[in-house]
Number of protein chains: 2
Amino acid sequence: MPSPFPNGADPSPHHHRFHSTVSETKLRRLNSLILLLRLASFCFALAAAVFMVTNSSRSPGSPSWIDSEPFRLVFAANAIVAVYSLFEMGASIWEILKGSTPLPEPMQLWFDFAHDQVFAYLAAAAGAAGAAEARGMRGSGACASESAFCVQGDIAVALGFAAFAFVALAALASGFRLVSFLVTGSRFPLS
Amino acid sequence: MPSPFPNGADPSPHHHRFHSTVSETKLRRLNSLILLLRLASFCFALAAAVFMVTNSSRSPGSPSWIDSEPFRLVFAANAIVAVYSLFEMGASIWEILKGSTPLPEPMQLWFDFAHDQVFAYLAAAAGAAGAAEARGMRGSGACASESAFCVQGDIAVALGFAAFAFVALAALASGFRLVSFLVTGSRFPLS
């Protein structure tokens with residue numbers, strides 16, 4: 001059995017308080033690292049969504065992000081990633097302050113890892129689709145008269161790729177926590 | 001230390017022969033599962049690359065996959081995934097027959113997991129870019145006169161997504177093997 005507590009209930013949720021100081025320091029370092037990754041992915045995803053959603057000019061007949069399927073995907077994916085990262089930042093701060101996870105521990109670890117993986121693939125796909133669309137616009141000559149629209153679209157796509165990179169790193173960290181929990185019965189780094 | 005053999009050399013490469021029968025059966029099952037995932041991702045990636053590379057008609061002036069950046073990405077990504085899957089199938093068969101990995105064990109496990117992750121993101125990105133391009137072509141009316149070109153492009157993109165799904169599953173399996181090795185010092189499933 002991977003977990004010594006098959007029903008998912010940890011009988012001593014606060015036993016890490018009695019760990020050695022080395023473990024405590026390592027745990028605090030990992031939690032801070034995860035919080036930092038969440039903050040970075042939140043900032044980049046929010047910036048990408050805002051850049052994309054403001055990417056239309058007032059004059060009628062000029063292009064708008066809402067007319068382009070891939071640009072709508074970039075906005076939606078980055079908005080989802082931003083909301084998710086905000087929620088995860090809250091969970092991370094909760095954990096640093098209270099020493100326990102908001103959801104029951106196994107559920108929280110599986111939730112984090114599964115969503116990190118799925119949203120990393122989503123962000124990668126949205127970035128690639130947006131980059132293809134931006135390239136296609138440039139190729140079709142639409143950017144000659146609407147240069148600002150194309151540049152702002154490129155920036156939004158690039159910010160989305162930065163958000164993807166931080167979500168993918170967070171997926172590695174949460175995968176490490178999950179495996180650590182499954183193997184040793186606690187989410188702390190192996191010491 | 002995660003590994004009891006810090007220099008990466010396992011002093012008894014054949015010690016799994018003396019494991020219990022339960023472990024042996026589990027190991028064979030995991031290796032067969034990985035081989036099956038490799039085979040599926042190879043077939044789908046090869047089919048996607050072939051469908052994409054044959055997607056041009058003889059008559060001059062008609063569209064060809066080579067004129068489209070995203071379609072070239074779909075071809076290149078799926079060709080890379082097919083070659084990689086073929087190599088990994090060879091490694092998997094070698095391991096089933098000989099009981100040891102072709103590369104030194106830690107290197108092989110890190111190699112598998114890292115490449116699975118990277119190529120899964122690559123395949124997802126290529127699929128999304130190709131899907132955006134296919135949609136854009138349909139929207140711009142290019143498919144009215146070139147229906148076969150568009151349908152074949154759609155099929156290639158869909159096959160590429162299937163290859164992505166199997167590479168992502170293989171990444172989970174190789175991640176499990178890697179963690180199992182780092183924690184217990186052997187790549188076999190925890191029994």
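Details
- Mean projection area, nm², convex hull over Cα of region B:72-117: 3.2
- Calculated P(r) of region B:32-90 - Cα pairs past 19 Å, %: 37
- Using a 7 Å Cα-to-Cβ projection, B:Pro104 label spacings across copies, nm, ascending: 4.4
- Once C-alpha pairs closer than 8 Å and six or more residues apart are averaged by separation and normalised to the residue number of region B:65-157, the relative contact order reads 35 percent.
- Distance in nm between pseudo-label sites at A:Leu36 and A:Leu172 (7 Å out along the Cβ direction from Cα): 1.3
- Coupling constants for region B:32-49 follow from the phi torsions by the Karplus curve (6.51 cos²θ - 1.76 cosθ + 1.60, θ = phi - 60°), and in residue order they are 5, 4, 5, 4, 5, 5, 4, 4, 5, 5, 4, 4, 5, 5, 4, 4, 5, 5 Hz; glycine and proline get x.
- Summing charges over neighbours of A:Arg138, with a neighbour being any other residue whose Cβ is under 14 Å away from its Cβ, gives -4 when K and R count +1 and D and E count -1.
- Gap separating the Cα centres of region A:41-55 and region B:63-85, nearest whole Å: 30
- Shape parameters for region A:97-156, alpha-carbon atoms, Rg then Dmax in Å: 19.4, 56
- Mean projected area of the Cα convex hull of region B:90-191, taken over all directions, amounts to 8.0 nm².
- Other-copy label distances relative to B:Thr54, 7 angstrom Cα-Cβ extension, nm: 5.0
- Peptides B:31-41, B:156-166 ranked from most to least packed by the mean count of surrounding Cβ atoms within 10 Å: B:156-166, B:31-41.
- 3J(HN,Hα) couplings calculated from phi for region B:119-133 with the Karplus curve 6.51 cos²θ - 1.76 cosθ + 1.60 (θ = phi - 60°) are, in sequence order, 6, 5, 5, 4, 5, 5, 5, 5, x, 5, 5, x, 5, 4, 5 Hz; Gly and Pro show x.
- Kirkwood Rh in Å, taken over region B:25-145 so that all alpha-carbon pairs contribute: 16.3
Every read-out reported here was derived from the displayed coordinates using simple, explicitly stated rules and does not represent laboratory data. The model shown is predicted, which means the values in this text are computed figures rather than measured ones. Note that each Cβ is placed from the backbone with ideal geometry, even for glycine, and that neighbours are counted across all protein chains shown.
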